[in-house]
Amino acid sequence: YQRRVHGDPRTEVPPACGERRGLYFFARRPSKMIFDRAHALTLALALLGIFVLATFDLEVLLQPVASPPPSVTEVAQQQPSSRASLAEQQADAIKRGCVVTHDSPDYPFVWQIVSASDPASLQAVVRAALPARQLSSVDCTTISGGLSNTLFRCVCTVDGRSGRSEAGGSEEHSADEQLSVLLRVYGIGASGLVDRVAETKTLLNLGRAGFQTALIAAFCNGRIERFIPAKALTLDELRGPFRERIAGALAHLHSVRMPPSEPRVPVLWRTMQQWQDRLGFAGSLAHQYAEKLGLLREISRLRTALESSSSPVVFCHNDANALNMLANSSTHLFTLIDWEYSGYNPRAFDLANHFCEYCGPGPRDPTQYPSREVRLSFLRSYLIASREIQDGGLGAGPAPVGTPDINT
């Protein structure tokens, strides 16, 4: 700039060029490297960038990007051909991470891994799970998605010219018919929260015990269930008009006798221990924070209190919130759903946990916790239902083991 305007860079800066003083000094006295503030900031940022690059593990930056999820075509190509033997299909599916949840002949197991983002994959597993039906079309739409599951409602059109009953009969249909199923794809990374093998085993045992379940079939990373035409309860419905029906449903569930092979041991402490293990080693930051809050001491105190109580150990839902209860006002249907956290626990835990659900899914509102009057009303309905179940609906009789007198 000085050379172009003034000819000699060593001359003094004209008054009109005062704003260029830093550049003038750089040209006039390069040995001293005098910069203005803007140049100093630029140099500082450059040095900081060099420092970060020098200290950062460059191998991480140079690692190849993880491969994207398989496309529709790739998933279809990965599925074993229909001509492959069952043993080959099983070996191929297990090799690709298939989790076998059950071996019951009552509910077919499809050896396929489904991609929740792939419509063709969803349609293929539905067709494989309903072999007795000649499905001309399968249309799956997303109902909800979360960490534990992604849910789809699949509407299947059965070809009336060659339709068959699900039992495998040869009954012909005069016109096309539609049936709906619920397709549940397990969430990625949810295996640390939910034991899918135990969950499916629970559904099978509940079905054998006479408790209605919606299971139709299972596949490597999900299952297919009967679609229930109903809606989930709202918090207002949970707290009010459905209170008696909820009490009766929990009483029915708590009366279920699971197979003797199922150990009658509370799952509460095992689950809480798994959460404790996720805190890391004793000196970890998360573990220190839990100790600071007193969570570990509280767990120990609660275990001592529950184990010394007279509350019987029964089969519990353990997640009786509004979203896990379906109702249909026109058909008077009411049912509990989503059994991934179910298992044996003290009866008091299941009831108290349900009362906590009055406060909402989050953020919780403690002011909505039911009053003593509401809790006693719920428990009275629960005990009346328990007596009726024990008596087979024949009237008054001896109370179930561990059930106190209603007036008490």
#### Entry: Whichever residue in the range 313-354 is part of a strand (DSSP E or B) and over 21 Å from residue 269 (Cα atoms) and, among such residues, is most open to solvent (accessible area, probe 1.4 Å)
333
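Here is a yes/no grid of residues against (1) within 30 Å of residue 96 (Cβ to Cβ); (2) open to solvent by 20 Å² or more (accessible area, probe 1.4 Å); (3) free of Cβ contacts under 8 Å to residues at least 60 places away in the same chain; (4) among the hydrophobic types (A, V, I, L, M, F, W, C):
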position: 218; (1), (2), (3), (4): yes, no, no, yes
position: 229; (1), (2), (3), (4): no, yes, no, no
position: 240; (1), (2), (3), (4): no, yes, yes, no
position: 246; (1), (2), (3), (4): no, no, no, yes
position: 254; (1), (2), (3), (4): no, no, no, no
position: 264; (1), (2), (3), (4): no, yes, no, no
### Task
Inspect all residues belonging to the range 206-222 and state whether any of them is outside any helix (DSSP H, G or I), out of contact with any helix residue (DSSP H, G or I) (no Cβ under 7 Å at 6 or more places or on another chain) and of a type in the set (Lys, Arg).
no
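Per-residue answers, yes or no, for (1) more than 16 Å from residue 185 (Cα to Cα); (2) among the charged types (D, E, K, R); (3) under 19 Å from the mean Cα position of the chain (by Cα):
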| residue | (1), (2), (3) |
| --- | --- |
| 112 | no, no, no |
| 117 | no, no, yes |
| 123 | no, no, no |
| 129 | no, no, no |
| 142 | no, no, yes |
| 148 | no, no, yes |
| 153 | no, yes, yes |
### Message
Would you confirm whether or not the range 176-195 contains a residue that is farther than 20 Å from residue 341 by Cα, open to solvent by 20 Å² or more (accessible area, probe 1.4 Å), of a type outside the set (Val, Ile, Thr) and at pLDDT below 75?
### Response
yes
### Task
Return the only residue of 296, 235, 306, 253 being in contact with a Cys (Cβ under 8 Å, 6 or more places away or on another chain) and either closer than 30 Å to residue 367 by Cβ or among the hydrophobic types (A, V, I, L, M, F, W, C) (or both).
253
### All positions within the range 355-373 that are without any contact (Cβ under 8 Å) to a residue 40 or more places away in the chain and either surrounded by 13 or more Cβ atoms within 10 Å (Cβ to Cβ) or in a helix (DSSP H, G or I) (or both)
355, 356, 359, 364, 366, 367, 369, 372, 373
### Task
Select, from 219, 211, 227, the only residue that is of a type in the set (Phe, Trp, Tyr) and farther than 30 Å from residue 115 by Cβ.
211
## Note on the structure
Checked the range 274-299 for anything aliphatic (A, V, I, L, M), touching a helix residue (DSSP H, G or I) at 6+ places or on another chain (Cβ under 9 Å) and over 25 Å from residue 195 (Cα atoms); matches are 282
### Task
Taking residue 134 as the residue in question, decide whether it is among the polar types (S, T, N, Q) and buried (at least 22 other Cβ atoms within 10 Å of the Cβ).
no
### Query
Looking at the range 280-307, which of its residues are open to solvent by 80 Å² or more (accessible area, probe 1.4 Å) and farther than 24 Å from residue 267 by Cβ?
281, 285, 288, 289, 291, 292
### Task
Give 87, 124 a once-over and let me know the one that is at pLDDT 70 or above, at negative phi, in a helix (DSSP H, G or I) and surrounded by fewer than 13 Cβ atoms within 10 Å (Cβ to Cβ).
87
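The values are calculated or read from the model by the stated rules, or taken from the named source; none is laboratory data. Since this is a predicted model, take the numbers as computed values, not measurements. FYI the Cβ positions are ideal-geometry reconstructions off the backbone, even for glycines, and counts take in every protein chain you see. Side chains included, ligands, DNA and RNA excluded: accessible areas come from the protein's heavy atoms. Shrake-Rupley method; radii C 1.70, N 1.55, O 1.52, S 1.80 Å.
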